[in-house]
Structures are given as structure tokens and as C-alpha cells.
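All remarks here apply to the structure that follows.
The values are calculated or read from the model by the stated rules, or taken from the named source; none is laboratory data. For clarity, every value in this text was computed on a predicted model and none was experimentally measured. Ideal geometry is used to build each Cβ from the backbone, glycine not excepted, and the neighbour counts take in all protein chains shown.
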Amino acid sequence: AQSVTQLDSHVSVSEGTPVLLRCNYSSSYSPSLFWYVQHPNKGLQLLLKYTSAATLVKGINGFEAEFKKSETSFHLTKPSAHMSDAAEYFCVVSRSSASKIIFGSGTRLSIRP
Amino acid sequence: ETGVTQTPRHLVMGMTNKKSLKCEQHLGHNAMYWYKQSAKKPLELMFVYNFKEQTENNSVPSRFSPECPNSSHLFLHLHTLQPEDSALYLCASGQGLSGNTIYFGEGSWLTVV
């Protein structure tokens, strides 16, 4: 069985400071892992994707995520937050079929000026 | 421009109305999806089509009726909805069903009055 847990429902950081959004997954097989971002009143946009080619994945807008099999984690990071990063972020695990695309409950990122 | 276009972006309908949501993808994908996003709830998969054939129906009430005339177009026909059906309805497309990236439209905001 697959599952994904986003450990924080809300994260607030100051502009210019690092961002860490945590995601843990459970999967019986090697999963594909994704991070999506949803800005207010918008659809979901793909930030980055892991598919076993490299454990450190770089995405758009300066975000990156590291796949750690031993910790079953796929945390999203960014060295320096920008006001435009304020949004909802979803961690997703996927394998083999559409019914196995599992979305996390989301983490709302707020940026303080 | 995400390559997945949804219309209308906003819809208000009465409980006895019949309306439809439309989705079109310009990415050459063969799989299309309907998701429902309600406030404070995880994203819910509703339907999946692969090469125009429905492959997933996630126990969706019959007042929601999908239609996929070809791999590029997907409709969601709405009839006698309830106020609790008010939500953001997201369409997505992907190339195949096996752990590949799916791309979302901007969504259709539905309010049932």
C-alpha cells in the first residue's frame, strides 16, 4: 500500500530565510515522487519529480528535494524564500496506475516580510 | 499556459440545473482525469480515462457524469447537485497511467446554490 504524509499543515518563514517542507512516504515498491504547488485560485503546477535517476532533484523557482530511501522522506527545500513562494504545496507518490496517485494533505507556506 | 484548459473558470448553478464543465488538453496525452478539491480536504480523484475509455470511477455519485469523446477532451456533466458539491474541479492529463507526471488545468470553481 502507498501513502504520503505531509508533516506540517502550515509553515511560516521570513523572506530570505530557508524553506523546509516535510514529506514522508510509504510504498512497497520504488515510487515516483512529486511536489506540486498551488497558488491561490490556480491549478496545481509541477515543481519537481523524482523517478530514481538522481536522489537530489532540482525543480523550478529554486526549489529542490532529496529522496532519502532510508528515511522514506522527500522533503522540499529552498535556500531563500521569496514572497511569491506563498502557496499550498502538495507531495505526491505514484506508482503503476492512476488509482495509485496519492496526494498529501498539503502544506500552506506563508512568507513574512 | 499549462497545456490543459478548463472552462468555465467559475460556475454558479441551482440544484435543479444541468451544466457541464469542459477540459481540453494540448499536450498529446492519452490519459485524462477529474479531481475534486474541497476546502480542508485532500484532493479526491473522481474519474480517469485512458484512450477514451473510463478506467477509474472512484465511487462518484451519478449526479456527476463524465464524457470523453476523444483523448483531448473531457467533460463533466452536472445534474441535480447538492450544496456540498461546491468545490474546485480540476482536470489533469498525463501520458499513460504508470507513475508519469500529470499536468493540471487551472480548475473550475463550482458553487451550488
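Here is how the numbers come out for the structure above:
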item	result
Counted residues, the range B:88-113 - those being in a loop (DSSP other than H, G, I, E, B), within 8 Å of another protein chain (Cβ to nearest Cβ), at negative phi and over 10 Å from the mean Cα position of the chain (by Cα)	5
Residues (basic (Lys, Arg) and under 23 Å from A:ARG95 (Cβ atoms)) located in the range B:61-113	none
From the options A:PHE63, A:PHE90, residue that is at pLDDT 90 or above and crowded, with 22+ Cβ neighbours inside 10 Å	A:PHE90
Residue check, A:SER52 assigned to a loop (DSSP other than H, G, I, E, B), more than 13 Å from chain B (Cβ to nearest Cβ) and free of Cβ contacts under 8 Å to residues at least 40 places away in the same chain	no
Pair list, Cβ under 6 Å, 6 or more apart: the range B:63-86 residue exposed (fewer than 13 other Cβ atoms within 10 Å of the Cβ), other residue assigned to a strand (DSSP E or B)	B:PRO83/B:VAL112
Single condition A:VAL11 does not satisfy, out of (1) away from chain B (no Cβ under 13 Å); (2) under 29 Å from B:GLU56 (Cα atoms)	(2)
Pair list, Cβ under 6 Å, 6 or more apart: the range A:28-42 residue more than 9 Å from chain B (Cβ to nearest Cβ), other residue among the polar types (S, T, N, Q) and surrounded by 13 or more Cβ atoms within 10 Å (Cβ to Cβ)	A:VAL37/A:GLN45
Qualifying residue in the range A:33-43 (condition: among the polar types (S, T, N, Q), buried (at least 16 other Cβ atoms within 10 Å of the Cβ) and farther than 24 Å from A:MET83 by Cβ)	no
Condition met for A:LYS78 (under 13 Å from the mean Cα position of the chain (by Cα), among the charged types (D, E, K, R), more than 14 Å from A:PRO31 (Cα to Cα) and loosely packed, with under 12 Cβ neighbours inside 10 Å)	no
